[in-house]
1. Pull up region 65-78, narrow it to residues that are touching a helix residue (DSSP H, G or I) at 6+ places or on another chain (Cβ under 8 Å) and not in a helix (DSSP H, G or I), then point me to the one that is nearest to residue 154 (Cα to Cα).
2. Taking only region 40-59 into account, find how many residues are surrounded by fewer than 12 Cβ atoms within 10 Å (Cβ to Cβ) and either assigned to a helix (DSSP H, G or I) or over 18 Å from the mean Cα position of the chain (by Cα) (or both).
3. Of 36, 62, which residue is within 21 Å of the chain's Cα centre (by Cα), in a helix (DSSP H, G or I) and under 30 Å from residue 187 (Cβ atoms)?
4. Considering each residue of region 129-175, count those that are on the phi < 0 side of the Ramachandran plot and not in a helix (DSSP H, G or I), and give that number.
5. Considering only region 181-206, state which residues are at pLDDT below 85 and either surrounded by 14 or more Cβ atoms within 10 Å (Cβ to Cβ) or not in a helix (DSSP H, G or I) (or both).
6. Within region 118-125, identify whether any single residue is under 27 Å from the mean Cα position of the chain (by Cα), in contact (Cβ under 8 Å) with a residue 12 or more places away in the chain, assigned to a helix (DSSP H, G or I) and surrounded by 14 or more Cβ atoms within 10 Å (Cβ to Cβ), and answer yes or no.
């Protein structure tokens, strides 16, 4: 275990790098799409709804196979890392959209009406009034989605990315030390995911005590 711990550390860094990029992009997609659904933007609302249903009802591994093995058939070749980021963004964006959408709808309509009566336009109302309150409410769901997406990176080995699962399977195949390899895999994911869960809980409590999200 001591000998091969550096391999897990390197794989964890790769997982975190791709996961962080995918999570940040999926949050941006989620904010945009939730705004479209909240304001019921014509045409875009139907496109976003179709995207959410398609993304949430197809496995990430299938999406990655399409990007990595399918697109080259039409002349589009992407690196494995790029496919990982795009796939995670495509999947995570739909979950973030639902998290932000439900939080936006939880904000009382009187907040919107009061802001409009002060002369704000729709963009200002969303940016300064609606979204800050919705974000505080969305923290638990967003943190849960972050943890979920980081765990979903375990399928990256299917497109030859040397992530944690890839390293574990490789060591098991070479040395048949299944118990040790899987134990180190569990420890690696715990080291990555526990801080995220703990930070999310702390942030949620602080926002609650500060009076947000009520």
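The values are calculated or read from the model by the stated rules, or taken from the named source; none is laboratory data. Because the structure is a prediction, the values reported are computed rather than measured. Cβ: placed from backbone, ideal geometry, glycine included. Neighbour counts: every protein chain shown.
1. Restricting to residues being touching a helix residue (DSSP H, G or I) at 6+ places or on another chain (Cβ under 8 Å) and not in a helix (DSSP H, G or I), the top hit is 78.
2. Residues meeting the conditions: 6.
3. The unique qualifying residue is 62.
4. Let us first name the residues in region 129-175 that are on the phi < 0 side of the Ramachandran plot, namely 129-159, 161-175.
Add one more test, that the residue is not in a helix (DSSP H, G or I), and what stays is 161-163.
Residues that pass the stated criteria total 3.
5. 200, 203, 204
6. So far as region 118-125 goes, yes, one or more of its residues are under 27 Å from the mean Cα position of the chain (by Cα), in contact (Cβ under 8 Å) with a residue 12 or more places away in the chain, assigned to a helix (DSSP H, G or I) and surrounded by 14 or more Cβ atoms within 10 Å (Cβ to Cβ).
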